[in-house]
1. What ranking of W58, W16, W45 comes out by heavy-atom accessible area, probe 1.4 Å, highest first?
2. Report the label-to-label distance for M149 and E34 in nanometres (one decimal), using points 7 Å from each Cα along the Cα→Cβ vector.
3. Heads up, I need the accessible area for H152: 1.4 angstrom probe, whole protein in place, Å², nearest 10.
Amino acid sequence: MSDDDLFAAAYREHYWAVSRYIARRLGGQDATVEEVAADVFVVAWRRRAELPDPALPWLYGVARNCVANSLRGAGRYRRLLDRLAHHQTVRRTQVDEGPAADDPYLWMHGALARLSEADREILRLTAWEELNISEVATVLGCGSRAAAMRLHRARGRLRAQIESLEQYRGQQAGRRQVDEDTGRQAGRQTGQQTGRYENGRLVDELEGWQR
């Protein structure tokens, strides 16, 4: 097959996978996703002689750079969104008391939000794109051993964040239990005082009748 044929085959086979990769990192902004996907395949066309087999991890690597360029063009917008997402995630973790707080996806989202972008990316490549270490290395532009080490460290940091969130939730639950116990005790004391007041007033009234 010629280079043109290889490019055409890669485009037909991988366009939607590349688009999903981009959408997951841009929050599903359709117009921007289409623009970045177009940029990816413009680069792939210009470098079609370099297309490897399989082509998808290589295309993800190109998409990764194109996404970074798109975000860089927005200045600090991305970092602001990350801070807001982190704040909202932690806030939800603090206030959710129903079954949703036990949702593993909620915990995973909150833990991921606390990681660096590099850690999030390598975890997403293995979880979302389901790449193996060799393919991850191609996307990141590093050796397989370095990719495996990065993944190992990222998973360790993710576990630590999940454990931290679980510990925090346990502390919050303990505080809520103490507050509830204190509230019930205060209610009982108020009821006892009210009862004593009512009983005292009844005694006074009886003594008045007797007089």
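The values are calculated or read from the model by the stated rules, or taken from the named source; none is laboratory data. All of these numbers come straight from a predicted model, not from anything done at the bench. Cβ placement follows ideal geometry from the backbone for every residue including glycine, while neighbour counts extend to all protein chains displayed. Protein only, heavy atoms only, side chains kept; ligands, DNA and RNA dropped before computing areas. Shrake-Rupley method; radii C 1.70, N 1.55, O 1.52, S 1.80 Å.
1. W16, W45, W58
2. Here the answer is 4.4 nm between the modelled labels.
3. Spelled out: H152, probe radius 1.4 Å, area about 120 Å².
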